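The values are calculated or read from the model by the stated rules, or taken from the named source; none is laboratory data. Quick caveat, the model's predicted, so the values are computed rather than measured. Cβ: placed from backbone, ideal geometry, glycine included. Neighbour counts: every protein chain shown.
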Amino acid sequence: MKKIVFAIIFLIISSCALTQESKRKNKDIALKYAETITYKELNVLLTSFASDEFEGRKTGEDGQKKAANFLRDFYSKEGIKSPQENNNYFQIVPASFMNPLSRQGGLNDSENVVAFIKGSEKPDEIIVISAHLDHLGRAYTRAINYGADDNGSGTVAILEIAQAFKKAVEDGKGPKRSILFLHVTGEEQGLLGSKYYTENPIFPIKKTVANLNTDMIGRVDVKHQKNPNYIYLIGSDKLSTELHDISETVNKKYLNLSLDYSYNDDDDPNLYYYRSDHYNFAEFNVPVIFYFSGTHIDYHEPSDTSDKINYEQLENRARLIFYTAWEIANRKDRIVADKATKE
Ligand SMILES: [Zn+2]
């Protein structure tokens, strides 16, 4: 009798544990897909993207167009479609738009690259994950500016994030809201591709829930040599308290990186909030987070090469962005821009 009682108690306890376990797994479905973002794949992608073949990806030049084709071919192979007609992955950014605004002028037509995962419940609400694909081309010495960190790192992070979302879709676990993967051109000429996109959006800006932008997320700066588990976040609390809180919560739950807000300070002389593509979204009151690992001696030099990237940290940062996007895309209500300026 005693034995039977014990056996029953044991069964009850173990079945409780099982429900707990399956609950946890269900809740942490994001974990499964985040883990498909790996330093190995990031390494393979970035070694190609920051290679000689793309000649430093100068806006409108052959190397940049080859880089755009590389991104298109990746999405096409992964079965991630363009949101545009005829599955056209390119949004042309005309020279006539760029040249009056550009630093140097004399630019050729260029292109943003766009890929899309349609939301299962609220497809009209869009989360934009962005990174600039262009760089400086060749230096005056004719040496190639590889731009592995700037911004090959952000570019390949987006590819891996897109692949993770696609795998979730294939398992019937796709995001409730839609995700636009936006590789902008002309950043190095003055944030031109993102300016063009926000003025000529594929989806209405009013339906754009948030922009998560990456620009240089592959290195460890001098300040963080002792604790490389970090990332600078800029802008997260400027338009939406909720976005900032989500970002913090998700980080604590999954990664526990040290989130460094030094550059988020309005008094910081670097003014990074105004210096990458997210700012064009913020101008339209779209809440943004800018992810950045800081500058280094190879910044805007031919020595910004793929062998100097810290791939473990790039993986962590890409996963953080994935988890944040996952939460924004799947939570019940759209995040509120409580600090938006009045129109
Ligand atoms: Zn950059």
Study note, to complete from the structure: Filtering segment 177-187 for residues that are part of a loop (DSSP other than H, G, I, E, B) and farther than 19 Å from residue 234 by Cα leaves a count of 2
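Can you find a residue in segment 74-83 that is among the acidic types (Asp, Glu) and more than 19 Å from residue 188 (Cα to Cα)? It would help to see each step written out before you state the result.
Residues of segment 74-83 that are among the acidic types (Asp, Glu), as a first pass: 78.
Still in the running and more than 19 Å from residue 188 (Cα to Cα): 78.
So far as segment 74-83 goes, yes, one or more of its residues are among the acidic types (Asp, Glu) and more than 19 Å from residue 188 (Cα to Cα).
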Revision key, fill the gap. Flagged pairs (Cβ under 7 angstrom, 6 or more apart or on separate chains; first in segment 204-220, on the phi > 0 side of the Ramachandran plot; second of a type in the set (A, V, I, L, M, F, W, C)) are 216/292
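Within segment 149-187, can you find the residues that are among the small types (Gly, Ala, Ser) and either within 16 Å of the ligand (Cβ to nearest atom) or touching an Asp or Glu at 6+ places or on another chain (Cβ under 9 Å) (or both)? Steps first, answer last, please.
Going residue by residue through segment 149-187, those that are among the small types (Gly, Ala, Ser) are 152-154, 157, 162, 164, 168, 172, 174, 178, 186.
Within segment 149-187, 152, 153, 154, 157, 162, 164, 178, 186 qualify.
For segment 193-299, which strands (runs of 3 or more DSSP E) that fit wholly inside it have 3 or more residues that are more than 20 Å from residue 132 (Cβ to Cβ)? First the steps, then the outcome.
Details: elements: 208-214, 230-234, 258-260, 288-292.
It comes to 258-260.
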Exercise for review: Could you tell me which residue of segment 246-297 is farthest from the chain's Cα centre (by Cα), considering only residues that are surrounded by fewer than 18 Cβ atoms within 10 Å (Cβ to Cβ) and among the small types (Gly, Ala, Ser)?
Suggested key: 262
Check your understanding: How many of the residues in segment 146-170 are surrounded by fewer than 24 Cβ atoms within 10 Å (Cβ to Cβ) and of a type in the set (S, T, N, Q)?
Key -> 1
Check your understanding: When both residues are 6+ apart or on different chains and their Cβ atoms are under 7 Å apart, which pairs have a first residue that lies in segment 60-78 and is surrounded by fewer than 20 Cβ atoms within 10 Å (Cβ to Cβ), and a second that is assigned to a helix (DSSP H, G or I) and acidic (Asp, Glu)?
Key -> 66/53
Check your understanding: If we scan segment 126-145, do we find a residue that is touching a residue at least 24 places away in the same chain (Cβ under 8 Å), away from the ligand (no atom under 16 Å from the Cβ), under 26 Å from residue 307 (Cβ atoms) and not aliphatic (A, V, I, L, M)?
Key -> yes
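Using the structure shown, decide if residue 93 is of a type in the set (Val, Ile, Thr), in contact (Cβ under 8 Å) with a residue 60 or more places away in the chain, surrounded by 19 or more Cβ atoms within 10 Å (Cβ to Cβ) and within 16 Å of the ligand (Cβ to nearest atom). Reasoning before the result, please.
Numbers: of a type in the set (Val, Ile, Thr): yes; in contact (Cβ under 8 Å) with a residue 60 or more places away in the chain: yes; surrounded by 19 or more Cβ atoms within 10 Å (Cβ to Cβ): yes; within 16 Å of the ligand (Cβ to nearest atom): no.
So residue 93 does not fit the description; no.
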Point to revise | Only one of 154, 174 that is assigned to a loop (DSSP other than H, G, I, E, B) and small (Gly, Ala, Ser) | key: 174
Check your understanding: Could you count how many residues in segment 188-227 are of a type outside the set (Val, Ile, Thr), surrounded by fewer than 22 Cβ atoms within 10 Å (Cβ to Cβ), more than 16 Å from the ligand (Cβ to nearest atom) and under 30 Å from residue 139 (Cα atoms)?
Key -> 3
Exercise for review: Could you list all residues from segment 100-123 that are assigned to a strand (DSSP E or B) and either aliphatic (A, V, I, L, M) or outside the structural domain of residue 190 (by TED's automatic domain parsing) (or both)?
Suggested key: 113, 114, 115, 117
